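Data first, discussion second: the structure below is written as structure tokens.
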Amino acid sequence: MIFGIPLQAFLGQLLIGLINGSFYALLSLGLAIIFGLLRVINFAHGAQYMLGAFFAWLLLSYFGIGYWPALIVAPLAVGLVGAIIERTMLRRLYSLDPLYGLLFTFGLALTIEGTFRYLYGASGQPYATPATLAGGTNLGFMFLPIYRGWVIAFSLVVCIGTWLVIEKTKLGSYLRAATENPILVQSFGINVPFLLTLTYALGAALAALAGVLAAPIYQVSPLMGSNIIIVVFAVVVVGGMGSIMGAIVTGYLLGVAEGLTKVFYPEASNIVIFVIMAIVLLIRPAGLFGRDV
Amino acid sequence: MTLTLDIDKPSEKKPVVVQTIILAAGLALLVLAPLFFYPVFLMKLLCFALFACAFNLLLGYTGLLSFGHAAFFGGAAYFTAHAVKEWGLPPELGILVGVAGAAFLGAIIGFLAIRRQGIYFAMITLALAQMFYFFCLQAEFTKGEDGIQSVPRGHLFGFIDLSQSTNMYYFVLGVFIIGVAIIWRIIHSPFGMILKSIRENETRAVSLGYSVRNYKLAAFVMSAALTGLAGGIKALVFQFATLTDVSWQMSGEVILMTLLGGIGTLIGPLFGAGLVVTLQNYLATSEFPVTIITGLVFMVCVLLFRRGIVGEFYNSRLGRKLGFEHRH
């Protein structure tokens, strides 16, 4: 018993919080990377997350291609779509007020979601947990479904891996330099427009990866993206988009906070992240890890 | 010299005359419209047009993109519906309750949101409006998924029966004109000039000694209150208030109307609202989802058509000849 709550329920909600936190972290990480370089808030991030899940579902139901290949193919496909969108349309908006980028990607999100809703209906499609990760294991103090453990571990690896790529590799140093001063970096002979395309594709692919991971847990539905993206925006406001690690940590923290609220005061679990955002705005307007004002 | 002056003078006066004629023709059209169109459709159009005009006060004249205006629109619809149905208030007081409620919400959300700028401002307003959505979903007085149904329209000032759609239409038209007149007054006042200076260069406005925060908050509350006016009459027109009006899709819709009509033009949102509402009515009977069209229009507008319909007209040769402001 913890604070009058059975340990089982407490740990169960903690686990759900960590799962949600994994998705928040993956999505806010992608948003932060895209915003860092492109100065565009990618409203279509939720739609790209949904696309990832749908690609996995389509691969399975029409081609019999299972979870593991989908985990690679779906992010690649969505990344490619992202690259095409960046090359053909988004690119034209860089010289304008960043708000136009937000409005454009909002329209993009509406179009993608509307199309999938038209084709597959608003209700969710089930996606079976891969056989290798089915079942659960008894940890002694709680029952852990293996797939959920996998999601938490894998998303942590992806987050830290992305952070390492950006902080420790040559490509990452180009990215960081281009964030600071694109014109200077271009004058050193680095192809900045290509970096921009790559960054948007990478962000979209991360969202799609989160979507594939989410498919067996939540149902695959056209609306899954718009439900999560607003919460992720709040996460990003709390964390501040100045730091990649900040986005990751805030994602997990707020996921857990949401899970724990479900234990102690379920009525507020929908809004707890927004409340935290409001408090952070009052105390530290730049966000927990933010540098800009 | 005198000759050029003589030529100049009438050409300077002419635009005012032309603009007055256009304004009078527009008003006459709105007064006569119920003879040709279905009144409920027209009333819906006017509600959304006022909503978009109020929203444009913030986006077009202060440069703040709020992604949460549905909270004020839908919130006011709930407040008015509740006041009229449960408290038995007459319609004019019911609408005032809606306006006051929306202004109050605007003060809270605005106070938090103006602490950040630009893109963060948009995300914060979106998140806080979503929080209000969840509040409406769970609160007692909103009746959850059902919404507040069969709201009586009542009698205006105790003797004008609003259940007759002609009466209701002219009431809505009156409110619309008053609302737009208030907005016109705001943007042509010294206060409005300061708002525009904030839009153009916030840092400079600060260095000139204006407390930009207070001005932003004031503009936000005014926009919210006027949005509440639109939401209040909407609740009376349709006689219900539901979750649709507080959803983020509604916030997106009003942005689209403003963008399509012309950001920063007084009457642009009227045209934008007209197009969007017509489109929705047209597609309402078909299977095809409106969101696909809405999304595509959004993308096209942002990529190719950022001035909007009225903005493009103002900027065209004819528009300049008629002496309309040349705006970006």
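Is there a residue in region B:306-315 that is closer than 23 Å to A:Arg92 by Cα, at the interface with another protein chain (Cβ under 8 Å from one of its Cβ atoms) and not polar (S, T, N, Q)? For region B:306-315, residues closer than 23 Å to A:Arg92 by Cα, at the interface with another protein chain (Cβ under 8 Å from one of its Cβ atoms) and not polar (S, T, N, Q): present. Tallying residues that are within 14 Å of chain B (Cβ to nearest Cβ), more than 23 Å from A:Arg176 (Cα to Cα) and not in a helix (DSSP H, G or I) within region A:199-244 yields 2. Checked against the criteria, A:Ser155 counts as of a type outside the set (Asp, Glu), within 25 Å of A:Phe23 (Cβ to Cβ) and assigned to a helix (DSSP H, G or I). Here B:Gly68 meets each of (1) surrounded by 22 or more Cβ atoms within 10 Å (Cβ to Cβ); (2) within 12 Å of another protein chain (Cβ to nearest Cβ); (3) part of a helix (DSSP H, G or I) with one exception, condition (3).
In region B:133-143, the residue that is farthest from the other protein chains (Cβ to nearest Cβ) out of those that are touching a residue at least 24 places away in the same chain (Cβ under 8 Å) and either small (Gly, Ala, Ser) or crowded, with 17+ Cβ neighbours inside 10 Å (or both) is B:Thr142.
Filter region B:219-264 for residues that are in a helix (DSSP H, G or I), of a type in the set (A, V, I, L, M, F, W, C) and within 14 Å of another protein chain (Cβ to nearest Cβ) and give the result.
Within region B:219-264, the first condition is being in a helix (DSSP H, G or I), and the residues that meet it are B:219-238, B:243-246, B:248-261.
Next, only the ones that are of a type in the set (A, V, I, L, M, F, W, C) stay: B:219-222, B:224-226, B:229-230, B:233, B:235-238, B:243, B:246, B:248, B:250, B:254-257, B:259-260.
Once the filter is applied, which keeps residues that are in a helix (DSSP H, G or I), of a type in the set (A, V, I, L, M, F, W, C) and within 14 Å of another protein chain (Cβ to nearest Cβ), region B:219-264 yields B:Leu243, B:Val246, B:Trp248, B:Met250, B:Val254, B:Ile255, B:Leu256, B:Met257, B:Leu259, B:Leu260.
Could you tell me whether B:Ile124 is within 14 Å of chain A (Cβ to nearest Cβ) and crowded, with 17+ Cβ neighbours inside 10 Å? In short, yes. Scanning region B:294-315 for residues that are over 19 Å from A:Glu86 (Cβ atoms) and among the β-branched types (Val, Ile, Thr) returns B:Thr294, B:Val297, B:Ile309, B:Val310.
So which of B:Leu42, B:Leu58 is crowded, with 24+ Cβ neighbours inside 10 Å, in contact with a Phe, Trp or Tyr (Cβ under 7 Å, 6 or more places away or on another chain) and more than 11 Å from chain A (Cβ to nearest Cβ)?
Details: B:Leu42 fails: crowded, with 24+ Cβ neighbours inside 10 Å.
Step by step, each of B:Leu42, B:Leu58 is checked, and only B:Leu58 is crowded, with 24+ Cβ neighbours inside 10 Å, in contact with a Phe, Trp or Tyr (Cβ under 7 Å, 6 or more places away or on another chain) and more than 11 Å from chain A (Cβ to nearest Cβ).
Just the residues that are touching a residue at least 24 places away in the same chain (Cβ under 8 Å) and either more than 7 Å from chain B (Cβ to nearest Cβ) or on the phi > 0 side of the Ramachandran plot (or both), please, taken from region A:274-290. Passing the criteria: A:Ile276, A:Val280, A:Ala286, A:Gly287, A:Leu288, A:Phe289, A:Gly290. The number of residues in region B:248-264 that are β-branched (Val, Ile, Thr) and under 14 Å from B:Glu312 (Cβ atoms) comes to 1. Here's a check for you: in region A:84-108, which residue that is more than 7 Å from chain B (Cβ to nearest Cβ), aliphatic (A, V, I, L, M) and within 13 Å of A:Ala44 (Cα to Cα) is surrounded by the most Cβ atoms within 10 Å (Cβ to Cβ)? The residue in question is A:Leu90. Of all residue pairs spaced 6 or more apart or on separate chains, those with beta-carbon atoms under 7 Å, a first member in region A:148-170 that is at pLDDT below 90 and a second member that is surrounded by fewer than 16 Cβ atoms within 10 Å (Cβ to Cβ) and not hydrophobic (A, V, I, L, M, F, W, C) are A:Ile166/A:Arg176.
Of the candidates A:Ala201, A:Ala214, the single residue that is at pLDDT 90 or above and over 17 Å from A:Ile166 (Cβ atoms) is A:Ala214. For region A:117-127, the criterion of being more than 18 Å from A:Ile217 (Cα to Cα), within 14 Å of chain B (Cβ to nearest Cβ), of a type outside the set (Phe, Trp, Tyr) and not in a loop (DSSP other than H, G, I, E, B) is met by at least one residue.
Residues of region B:265-278 that are under 8 Å from B:Val310 (Cβ atoms) and assigned to a loop (DSSP other than H, G, I, E, B): B:Thr265, B:Ile267. Just one of the listed residues (A:Ser28, A:Ser61, A:Ser22) is assigned to a helix (DSSP H, G or I), in contact with a Leu (Cβ under 8 Å, 6 or more places away or on another chain) and of a type in the set (Ser, Thr, Tyr), namely A:Ser22.
For B:Met1, the criteria (1) at pLDDT below 80; (2) among the aliphatic types (A, V, I, L, M); (3) in contact with a Lys or Arg (Cβ under 7 Å, 6 or more places away or on another chain) hold in every case but one, which is (3).
Considered as a group, the residues in region B:279-305 that are within 14 Å of chain A (Cβ to nearest Cβ) and assigned to a loop (DSSP other than H, G, I, E, B) include one that is nearest to B:Tyr61 (Cα to Cα), and that residue is B:Phe305. Only residues that are at the interface with chain A (Cβ under 10 Å from one of its Cβ atoms), surrounded by fewer than 18 Cβ atoms within 10 Å (Cβ to Cβ) and touching a residue at least 60 places away in the same chain (Cβ under 8 Å) were counted across region B:101-121, and they come to 2.
Please specify each residue of region B:126-144 satisfying the condition of being among the hydrophobic types (A, V, I, L, M, F, W, C), in a helix (DSSP H, G or I) and under 14 Å from A:Glu267 (Cα atoms). Explain how you work it out, then say what you get.
Just the residues of region B:126-144 that are among the hydrophobic types (A, V, I, L, M, F, W, C), to begin with: B:126-129, B:131-132, B:134-137, B:139, B:141.
Imposing the further condition that a residue be in a helix (DSSP H, G or I) reduces the set to B:126-129, B:131-132, B:134-137.
B:Met131, B:Phe132, B:Phe134, B:Phe135, B:Cys136, B:Leu137 - these are the residues of region B:126-144 that are among the hydrophobic types (A, V, I, L, M, F, W, C), in a helix (DSSP H, G or I) and under 14 Å from A:Glu267 (Cα atoms).
Would you confirm, using the coordinates I've provided, whether A:Glu258 is charged (D, E, K, R), part of a helix (DSSP H, G or I), within 24 Å of A:Leu15 (Cα to Cα) and within 12 Å of chain B (Cβ to nearest Cβ)? No: the conditions fail for A:Glu258.
Condition check for B:Gln130 on (1) touching a residue at least 12 places away in the same chain (Cβ under 8 Å); (2) on the phi > 0 side of the Ramachandran plot: one failure, at (2).
The values are calculated or read from the model by the stated rules, or taken from the named source; none is laboratory data. These numbers come from a predicted model, not from an experiment. Ideal geometry is used to build each Cβ from the backbone, glycine not excepted, and the neighbour counts take in all protein chains shown.
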